[in-house]
Amino acid sequence: WGDWSSPENPARFVVVGGQHRSGTADLDASYKLAWDENFLYIAAKIRDDKYVQNARIDQLYKGDSIEVLFDSEFFGDFDNTSLNNDDYQIGINPGHGSPSGPKEAYVWYPANQVGPRDDIDIATKRSGGITRIEVAIPWTTFNVTPETGAHYGFAFGISDNDDPLRDTQQTFLSNIRKRVLANPTTWGDLTLMQ
């Protein structure tokens, strides 16, 4: 975590399942971002009393996981309130069964790219009730060439499940208070800086 020089951003807004969260000691998250010419890098630090991830593929959000929303045409369709082919929803399974288990990434949107992605690198470590995840997403995933000063739509979120017997999304936290998946105008603004 200390190797990342970028600022720490909280993801504490409850979007789904507030009744399943007893406070930050039960579930809390923050993230950091970095980039180079090849990848968007994400580091997540998640405080969670139980690690439960038994879901796979397009159902991975029904276990402990992270989600990235990315609008590659921020200014091109700034006022568009529905998803289109430049809006991405990517799920990251940090470890099936345990943090050391198989990792996977899945694209739900755009519709023309739905499916698993094996070119997204994922590393996970868990200790003392904290799960640390690092992800490298190729810019080719978003069909963009990054440059300093570029703006993109962006939102980060985490799904939590504390029930090892049932795959379900009990709680979802985001960095955006009013985040709506299907409305990119509710996502945040990611600006690439040197």
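Val180 fails exactly one of the following numbered conditions: (1) in contact with a strand residue (DSSP E or B) (Cβ under 7 Å, 6 or more places away or on another chain); (2) at pLDDT below 95; (3) surrounded by fewer than 17 Cβ atoms within 10 Å (Cβ to Cβ). What is the number of that condition?
(1)
Go through the stretch 156-177 and count every residue that is part of a strand (DSSP E or B) and either open to solvent by 50 Å² or more (accessible area, probe 1.4 Å) or not charged (D, E, K, R) (or both).
Of all residues in the stretch 156-177, those part of a strand (DSSP E or B) come to 156-160, 171-174.
Checking which are either open to solvent by 50 Å² or more (accessible area, probe 1.4 Å) or not charged (D, E, K, R) (or both) leaves us with 156-159, 171-174.
So the count comes out to 8.
Taking Asp48 as the residue in question, decide whether it is charged (D, E, K, R) and open to solvent by less than 40 Å² (accessible area, probe 1.4 Å). Give the steps one after another, and end with the answer.
Numbers: charged (D, E, K, R): yes; open to solvent by less than 40 Å² (accessible area, probe 1.4 Å): yes.
Answer is yes for this residue.
For the stretch 33-54, indicate whether the set of residues that are farther than 26 Å from Met193 by Cα and aromatic (Phe, Trp, Tyr) is non-empty. Outline the logic, then answer.
Restricting attention to the stretch 33-54, the residues satisfying the condition of being farther than 26 Å from Met193 by Cα are 47-54.
Those left that are additionally aromatic (Phe, Trp, Tyr): 51.
Yes: one or more hits.
Looking only at the stretch 106-119, count how many residues are surrounded by 14 or more Cβ atoms within 10 Å (Cβ to Cβ) and either farther than 19 Å from Gly63 by Cα or among the hydroxyl-bearing types (Ser, Thr, Tyr) (or both).
Final tally of qualifying residues: 4.
Can you tell me which residues in the stretch 21-57 are at pLDDT below 95 and small (Gly, Ala, Ser)?
Ser22, Gly23, Ala25
Give the residue that is farthest from Ala182 (Cα to Cα), with candidates limited to residues of the stretch 61-78 that are over 12 Å from the mean Cα position of the chain (by Cα) and surrounded by 20 or more Cβ atoms within 10 Å (Cβ to Cβ).
Out of the qualifying residues, it is Gly63.
The values are calculated or read from the model by the stated rules, or taken from the named source; none is laboratory data. Nothing here was measured: the structure is a model prediction, and the numbers come from that model. Please note: Cβ atoms are built from the backbone with ideal geometry, for glycine as well, and neighbour counts cover all protein chains shown. Surface accessibility is based on the protein's heavy atoms, side chains included, excluding ligands, DNA and RNA. Shrake-Rupley method; radii C 1.70, N 1.55, O 1.52, S 1.80 Å.
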